[in-house]
Amino acid sequence: MHPRLKAKIPKMLEWRRAYADWYVWMDSSVRLKENIDIPHEIIKIANGKPLCLFRHTRLSSIQEEAVAIQQAISQGVDYHIRRYSGEPLIDQVKSYLNDKSFSDTKLFQMTFFAYHKSAAPLMQEWFLHNCIWSIEDQISFPYVLNKSGLQYSCFEGNALNNNIFTWDWKLRERNLSASK
């Protein structure tokens, strides 16, 4: 199993190991803002729905995401080359778009999200799509979310500007350098 796929296990399957009502994922370079009551924020934003998500900061579809990644690879962007070279992103998107019940109108930033234990089947399916297709989880998530029929709420703002977290860019840059 590829190390990046292994990293998806706690992100998507933590409910298999630890029992809780809610699970929160945040990338390693995310830093919570001071005095934020995460459980309160999540329950408030969820408003009875089992998922709390951030919309993508720039793009609005999986097709746009795949094109942006392919362009970055063709332009020689090292970050994208290391992460996505050899991944069947275009075939994955084509497969999803061939499903007439799927409308490619949503894209989420999967940097920080929360889900209720009742969303565990969605998380399992999401992990399977990362195993079958690509480890670019932002592409598979809208598709499996659509297929699940689960309702969701969106956090205010986006992953770059919100009231919950900031980025530890130095840590992120250090992690990127270490992965070279």
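Just one of K6, K44, K33 is among the charged types (D, E, K, R), out of contact with any Leu (no Cβ under 9 Å at 6 or more places or on another chain) and closer than 21 Å to R82 by Cβ; which is it? First the steps, then the outcome.
Details: K44 fails: closer than 21 Å to R82 by Cβ; K33 fails: closer than 21 Å to R82 by Cβ.
Testing whether each residue is among the charged types (D, E, K, R), out of contact with any Leu (no Cβ under 9 Å at 6 or more places or on another chain) and closer than 21 Å to R82 by Cβ leaves just K6.
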> What is the residue count in the range 29-50 for residues that are more than 19 Å from the chain's Cα centre (by Cα) and more than 24 Å from G149 (Cα to Cα)?
Replying inline: 7
> How do the helices (runs of 4 or more DSSP H) wholly within the range 37-112 filter down when requiring 2 or more residues that are under 19 Å from M12 (Cα atoms): which remain?
Replying inline: 38-46
> So P121 fits all but one of (1) free of Cβ contacts under 8 Å to residues at least 40 places away in the same chain; (2) surrounded by 15 or more Cβ atoms within 10 Å (Cβ to Cβ); (3) of a type outside the set (F, W, Y); what number is the exception?
Replying inline: (2)
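Checking the conditions here, which among S179, S148 is among the polar types (S, T, N, Q) and modelled with pLDDT of 90 or more?
Numbers: S179 fails: modelled with pLDDT of 90 or more.
Result of the check over S179, S148: S148.
Just to verify a result, which residue in the range 134-158, among those that are of a type in the set (S, T, N, Q) and in a helix (DSSP H, G or I), is surrounded by the most Cβ atoms within 10 Å (Cβ to Cβ)?
In the first step, residues of the range 134-158 are kept if they are of a type in the set (S, T, N, Q); the result is 134, 138, 140, 146, 148, 151, 153, 158.
Then keep just the ones that are in a helix (DSSP H, G or I); that gives 138, 140, 146, 148.
Details: Q138: 17, S140: 25, N146: 17, S148: 17.
Here the answer is S140.
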> So which residues in the range 85-103 are surrounded by fewer than 20 Cβ atoms within 10 Å (Cβ to Cβ) and either of a type in the set (F, W, Y) or closer than 25 Å to A46 by Cβ (or both)?
Replying inline: F102, S103
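The values are calculated or read from the model by the stated rules, or taken from the named source; none is laboratory data. Bear in mind the structure is a predicted one, so any value in this text is a computation, not a measurement. Positions of Cβ are generated from backbone atoms using ideal geometry, with glycine treated the same way; all protein chains shown enter the neighbour counts.
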